[in-house]
Amino acid sequence: MESDNVAQMEAMPTSGEAPGNHVLAANAWMLGALGILAYAASMMTHEALGHGGYCIAAGGHNAMLTGWGERCNFPGTQPFGIEAAGPGLQFLAGLLSWWALPRLPKRASRLRYFFWLYMVFNLLVSSGYVAFSGVTDFGDAAVIIAGLSPHMVWRGLLMLLGAAAYYLSMWIAAAELKRLLGTSDGSRSIFRLVWIPYAAAGIFACCAAALNRTMPTGVAVGLAAASSFGAAFGMLRLADMQRRMTPRPSPGIHIAWSAGWALAALVVIAAFLLVIGPGLE
């Protein structure tokens with residue numbers, strides 16, 4: 001009963017706030033489930049739709065697919081562009097989600113929050129990947145610049161481009177979080193909206209990658225951790241960033257428990273643990 005009272009208190013508008021411009025209570029299990037769904041959808045956008053879709057369109061055959069890697073066999077020379085297809089489509093999906101968010105029904109809190117998370121993972125993972133490729137000389141963007149010289153200059157450009165896109169992505173994510181909330185409140189109830197899905201997605205990714213059979217376990221877990229805990233680390237700054245933005249009229253969000261969304265999350269978790277995580281060959 002005490003936790004219910006706390007949730008009700010958090011749902012009350014603070015003094016000086018217009019009615020409706022406040023954060024309503026959010027179920028922690030639902031936040032985690034939606035975080036897992038959004039992260040899984042984002043990585044499948046990158047690997048299956050981006051790399052895998054380009055592979056098929058170019059006349060190739062998908063020989064391996066996991067949540068963190070894809071291998072395509074071509075009958076001849078591998079066509080240019082398949083490396084860019086994954087992060088490119090992922091970033092585009094993030095921008096399309098940004099466009100769609102204001103057009104979703106205002107009262108569909110779980111749907112809007114899921115789309116916001118999907119947008120955040122898409123933008124942060126794809127832009128962070130570019131910066132990561134520049135720093136480590138590993139990954140899709142690193143393959144694209146492999147034959148270009150002077151190589152260190154191109155790596156530096158990747159780092160600058162990735163960092164700039166990452167900061168812009170954080171600003172977009174914070175602005176849309178403000179649109180969802182419509183409040184200047186910087187309380188823990190808002191921070192819960194970012195750290196719970198962030199942690200849930202990271203733990204989910206690492207557990208699924210530990211079952212991978214297509215690459216060394218350490219490599220698979222490292223890629224999963226880099227694409228979740230690493231690339232999405234900027235999520236933890238969004239609550240503070242949105243606090244400095246101008247409040248917008250909003251009904252707030254109420255992420256209540258939903259058996260349908262929970263079932264969808266369980267299906268995705270099972271699919272990753274049993275199929276996608278181990279890898280398709």
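The values are calculated or read from the model by the stated rules, or taken from the named source; none is laboratory data. All figures in this text were calculated on a predicted structure; none of them were measured in a lab. Quick reminder, even Gly has a Cβ in these numbers, built from the backbone with ideal geometry, and neighbours come from all protein chains shown.
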Phe229 passes all but one of (1) more than 21 Å from the chain's Cα centre (by Cα); (2) part of a helix (DSSP H, G or I); which number fails?
-> (1)
Quick check: is even one residue across region 229-252 in contact with a Lys or Arg (Cβ under 9 Å, 6 or more places away or on another chain), among the hydroxyl-bearing types (Ser, Thr, Tyr) and closer than 30 Å to Met159 by Cβ?
-> no
Of these, Gly76, Gly53, Gly69, which one is surrounded by fewer than 23 Cβ atoms within 10 Å (Cβ to Cβ), without any contact (Cβ under 8 Å) to a residue 24 or more places away in the chain and either in contact with a Gly (Cβ under 9 Å, 6 or more places away or on another chain) or farther than 24 Å from Ser169 by Cα (or both)?
-> Gly76
Search region 242-281 for residues being crowded, with 16+ Cβ neighbours inside 10 Å and either part of a strand (DSSP E or B) or on the phi > 0 side of the Ramachandran plot (or both), and hand back the single one that is modelled with the lowest pLDDT.
-> Gly252
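If you check Arg237, Arg179, which single one turns out to be surrounded by fewer than 19 Cβ atoms within 10 Å (Cβ to Cβ), among the charged types (D, E, K, R) and more than 15 Å from the chain's Cα centre (by Cα)?
Of Arg237, Arg179, the one residue that is surrounded by fewer than 19 Cβ atoms within 10 Å (Cβ to Cβ), among the charged types (D, E, K, R) and more than 15 Å from the chain's Cα centre (by Cα) is Arg179.
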Residue hits (region 139-160; farther than 23 Å from Gly69 by Cα, among the aliphatic types (A, V, I, L, M) and in a helix (DSSP H, G or I)) are Met152, Val153, Leu157, Leu160
Only one residue in Ala201, Ala175 is in contact with a Gly (Cβ under 6 Å, 6 or more places away or on another chain), among the hydrophobic types (A, V, I, L, M, F, W, C) and in contact (Cβ under 8 Å) with a residue 60 or more places away in the chain. Which one?
-> Ala201
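Just give me the residues in region 211-229 being touching a residue at least 40 places away in the same chain (Cβ under 8 Å), among the hydroxyl-bearing types (Ser, Thr, Tyr) and under 17 Å from Leu280 (Cα atoms), in sequence order.
Within region 211-229, Thr214 is the sole residue that qualifies.
List the helices (runs of 4 or more DSSP H) that sit entirely inside region 18-122 and contain at least 2 residues that are in contact with a Pro (Cβ under 7 Å, 6 or more places away or on another chain) and within 25 Å of Gly279 (Cα to Cα).
28-44
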If we keep only residues of region 45-65 that are of a type in the set (A, V, I, L, M, F, W, C) and either more than 23 Å from Val125 (Cα to Cα) or out of contact with any strand residue (DSSP E or B) (no Cβ under 8 Å at 6 or more places or on another chain) (or both), then the residue modelled with the highest pLDDT is Leu49
Residue pairs qualifying under the 6 Å Cβ cut-off, at least six apart or on distinct chains, with the first in region 142-154 being under 22 Å from Gly88 (Cβ atoms) and the second being part of a helix (DSSP H, G or I) and of a type in the set (Phe, Trp, Tyr), are Ile145/Trp154; Leu148/Trp154
